Amino acid sequence: MASSSTGSMTSGLQNVNVKFRNIKNPMVLYRCGVEASFSISWMDKNLGRKFRGCTNFKDPFRYCKFFMWLDPPLASEDYKNRMYQMHLALVGMADGNAQLEQVIVDQNRRLMLMMKLLFIMVMLFEVMLVTWIVLLVKV
């Protein structure tokens with residue numbers, strides 16, 4: 001069973017009391033009672049930084065404004081650029097995978113159609129062969 005502990009972290013300008021379900025992978029609970037989501041920033045200023053935030057951020061009535069960086073700011077612009085290029089490469093790979101999956105689906109459809117046509121051709125050939133044999137036997 002996961003261990004539980006309590007801690008204090010700084011979030012924005014507030015000192016936040018949080019309860020961790022698992023010390024190694026904390027899921028932060030805050031005022032709104034919802035587990036804070038884990039995400040990675042892809043904004044220019046904080047490329048690649050990990051954070052947790054209130055999952056209700058789109059709902060102005062339930063949003064508790066909880067936000068917490070999980071790592072320090074990135075060291076240099078060069079590092080930020082490399083992180084962003086890696087992000088773009090991963091997004092490109094995901095798009096490429098989706099295109100390849102569609103090609104496979106299309107190829108499978110063509111293969112099934114060809115198999116059906118081959119079956120029909122074999123059946124027609126058998127009918128022609130039987131007809132030819134019957135005609136030869138009558139002669």
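The values are calculated or read from the model by the stated rules, or taken from the named source; none is laboratory data. Since the model is a prediction, treat every value here as computed from it, not as a measurement. All Cβ positions, even for glycine, are placed from backbone atoms using ideal geometry, and neighbour counts span all protein chains on display. Heads up: the accessible areas ignore ligands, DNA and RNA and are worked out on the full protein's heavy atoms, side chains in. Shrake-Rupley method; radii C 1.70, N 1.55, O 1.52, S 1.80 Å.
Condition check: over 30 Å from Leu47 (Cβ atoms), under 23 Å from the mean Cα position of the chain (by Cα) and assigned to a helix (DSSP H, G or I). Does Ile120 satisfy that?
no
Pairs are defined by a Cβ separation below 9 Å, a sequence spacing of at least 6 or placement on different chains, a first member in the stretch 30-43 that is closer than 25 Å to Lys80 by Cα, and a second member that is open to solvent by 60 Å² or more (accessible area, probe 1.4 Å) and at pLDDT below 75; the pairs so defined are Phe38/Asn25. Restricting the first residue to the stretch 73-101 and requiring it to be modelled with pLDDT under 80, which pairs with a second residue that is aliphatic (A, V, I, L, M) meet a Cβ separation below 6 Å and a spacing of at least six or different chains? The qualifying pairs are Lys80/Leu47; Lys80/Leu74; Met83/Leu47; Tyr84/Leu47. Looking across the stretch 38-54, the residues that are at pLDDT 80 or above and either part of a loop (DSSP other than H, G, I, E, B) or open to solvent by less than 60 Å² (accessible area, probe 1.4 Å) (or both) come down to Ser39, Ser41, Arg49, Phe51, Arg52, Gly53, Cys54.
Conditions (1) small (Gly, Ala, Ser); (2) open to solvent by 50 Å² or more (accessible area, probe 1.4 Å); (3) in a loop (DSSP other than H, G, I, E, B), marked per residue:
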{"position": "Lys58", "(1), (2), (3)": "no, yes, yes"}
{"position": "Arg62", "(1), (2), (3)": "no, yes, yes"}
{"position": "Tyr79", "(1), (2), (3)": "no, yes, no"}
{"position": "Arg82", "(1), (2), (3)": "no, yes, no"}
{"position": "Gly96", "(1), (2), (3)": "yes, no, no"}
